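Asks: One structure, as structure tokens, below. Some questions next.
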Amino acid sequence: MASTAICIVRAVASSPLKSGRSSDAVRMHRVRLSCGGALLALGACAQLPPLDTGTGAALSGCSTETASISFDFEGAPPSHCTIEGEREFSVLVSPEHAPPINPSPWYAFRYQANGSENVVVHLRYLAAKHRYRPKWQSAIHMKVLDASLHDDGRTATLSLPPGEAVVSGQELIGTKEYASLMARLDRSAAVTRETLGRSHGGRPIEALRIGEPTAPKLVILLGRQHPPEVSGAIAMEHFLETLVALADAGKFDAQDMQVLAVPLLNPDGVARGHWRANLGGEDINRDWGSFAQPETRSVAQWLDRLPSQIRPVVMVDFHSTSRNLFYVQGDEASADQERFMARWLGGKEHLIAGYPFAIERRNANPGTGTAKNWFHATHGIPAYTYEVGDETDRQAIAQAARELATSLVEVLPRSGLP
């Protein structure tokens, strides 16, 4: 198994991160390498994703005498592939359900090519336009590619070097990387690991609980409701690492505050390369309140079982979009909620190097069952969507998450929230 494991760069607090200067390369950081350690995919150190027959992908791809396209690993959707020439292919990038909400046109494929000439792949989008810059990963390294756009962004053409590599819309961060993250953080005495329920496909909905289970104030952190939103997943990892480090250092009042973190709420969608939906064909960030899907229901049922003296005080849901921003409450915010927002986020929009962000006050998607709206309406608490730009520098994402996690621990006891 070790020969097929993805080896990820682990950011170590004692090692300063340094961005690369190449315009076409993923910003790789020369830090200590740790295989199977961190979730953060700043660069690869070995091996392509292993073959994975458990994702449900049924299409075999297409091949010629000198080149082939396949979808045989976790995170690859079973896309339709056609042969345009000996070294030219088209891949149809289509949603798993219609109509897609806020299209996140995910793609991932493996290619192999003999000879010395490049391979041309056309990404042809159904019900969307090109959004994610292609991430190219060989057995040696990773880089960002440029795509030539046509048909008003509905077709993206890639020229790929010969050899073998995986191309995907974002870094591939899947169930194996989450298992490694959970195991690593669970080594802390301040952390307990819980299984809240099971997904449609039977995968565990796992959570980390930081702090004492009897602490009266509960912070809820959610991640990966939407599979392609990897930059938000990177932020959540560093947010969690910081909270655990603060707890280990005694700088987190574990008797007063506890955290329930669910980093991978849609494991089936991540494994199968979905745009937005779970295995039930639903956008689970439209299911809060109805709880028709097992993933959201597992969180709601866990909350229902809490003793009466424990209540949620803050909810943060990690996502990705075109830029860095926070969706917060608008006119419906109470005085205490306004005070918390001002102390946690106010005035910091341009203070974190490389990570400017906006604060948008609005009741986004009212009545549509988002986590943000449901937690605020049901529990009367600040409920925020932490949106990270798709192509935001990964070092800046990590630094911002660390600073914001530290600030949350500092301001929450003084916020006036019950």
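The values are calculated or read from the model by the stated rules, or taken from the named source; none is laboratory data. Just so it is clear, the model here is predicted, and its values are computed rather than measured. With ideal geometry, Cβ positions are generated from the backbone for all residues, glycine too; neighbour counts draw on all protein chains shown. Side chains are part of the model used for accessible areas, which takes the heavy atoms of the whole protein and leaves out ligands, DNA and RNA. Shrake-Rupley method; radii C 1.70, N 1.55, O 1.52, S 1.80 Å.
Asks: Taking interchain pairs and intrachain pairs at least six residues apart, which have beta carbon atoms under 8 angstrom, with the first residue in the stretch 381-409 and on the phi < 0 side of the Ramachandran plot and the second open to solvent by less than 20 Å² (accessible area, probe 1.4 Å) and among the basic types (K, R)?
Replies: A383/K372; Y384/K372; T385/K372
To keep it simple, each residue is scored yes or no on (1) surrounded by fewer than 23 Cβ atoms within 10 Å (Cβ to Cβ); (2) over 30 Å from V144 (Cβ atoms); (3) touching an Asp or Glu at 6+ places or on another chain (Cβ under 8 Å).
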| position | (1), (2), (3) |
| --- | --- |
| S180 | yes, no, no |
| H200 | yes, yes, yes |
| I210 | no, yes, no |
| A215 | yes, yes, yes |
| L218 | yes, yes, no |
| V230 | no, no, yes |
| A233 | no, no, no |
| G250 | yes, yes, no |
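Asks: Still on this structure, I have one more. When the stretch 58-79 is examined, which residues are found to be part of a loop (DSSP other than H, G, I, E, B) and farther than 14 Å from S168 by Cβ?
Replies: Of everything in the stretch 58-79, those that are part of a loop (DSSP other than H, G, I, E, B) and farther than 14 Å from S168 by Cβ turn out to be A58, L59, S60, G61, T64, E65, T66, P78.
Asks: Sort out which residues of the stretch 191-225 are out of contact with any helix residue (DSSP H, G or I) (no Cβ under 9 Å at 6 or more places or on another chain) and of a type in the set (V, I, T), and write them in order of number.
Replies: Once the filter is applied, which keeps residues that are out of contact with any helix residue (DSSP H, G or I) (no Cβ under 9 Å at 6 or more places or on another chain) and of a type in the set (V, I, T), the stretch 191-225 yields T192, T214.
Asks: Against the conditions (1) crowded, with 23+ Cβ neighbours inside 10 Å; (2) touching a His at 6+ places or on another chain (Cβ under 9 Å), where does G281 fall short? Just the number, please.
Replies: So the condition that G281 fails would be (1).
Asks: Let me ask something else about it. Any idea which of (1) outside any loop (DSSP other than H, G, I, E, B); (2) open to solvent by less than 10 Å² (accessible area, probe 1.4 Å) is the one L246 doesn't satisfy?
Replies: (2)
Asks: Which residue pairs have Cβ atoms under 7 Å apart, sit 6 or more places apart or on different chains, and have a first residue in the stretch 240-264 that is more than 22 Å from V299 (Cβ to Cβ) and a second that is surrounded by fewer than 23 Cβ atoms within 10 Å (Cβ to Cβ) and of a type in the set (S, T, N, Q)?
Replies: T242/T406; L246/T406; D248/S188
Asks: Determine which member of the set R154, R193 is over 17 Å from the mean Cα position of the chain (by Cα) and within 17 Å of M236 (Cβ to Cβ).
Replies: It is R193.
Asks: Now, a different point. Given the options Q225, Q337, Q255, Q293, name the one that is surrounded by fewer than 18 Cβ atoms within 10 Å (Cβ to Cβ) and either of a type in the set (S, T, N, Q) or over 27 Å from V411 (Cβ atoms) (or both).
Replies: From the options Q225, Q337, Q255, Q293, the qualifying one is Q255.
Asks: So N266 ticks every box in (1) among the polar types (S, T, N, Q); (2) open to solvent by 10 Å² or more (accessible area, probe 1.4 Å); (3) at pLDDT 95 or above but one. Which box is left unticked?
Replies: (2)
Asks: For the stretch 124-141, give me each residue that is more than 17 Å from P228 (Cβ to Cβ), of a type outside the set (S, T, Y) and either in a loop (DSSP other than H, G, I, E, B) or open to solvent by less than 30 Å² (accessible area, probe 1.4 Å) (or both).
Replies: A139, I140, H141 - these are the residues of the stretch 124-141 that are more than 17 Å from P228 (Cβ to Cβ), of a type outside the set (S, T, Y) and either in a loop (DSSP other than H, G, I, E, B) or open to solvent by less than 30 Å² (accessible area, probe 1.4 Å) (or both).
Asks: Can you pull out every residue in the stretch 80-104 that is part of a loop (DSSP other than H, G, I, E, B) and hydrophobic (A, V, I, L, M, F, W, C)?
Replies: Scanning the stretch 80-104 gives A98, I101.
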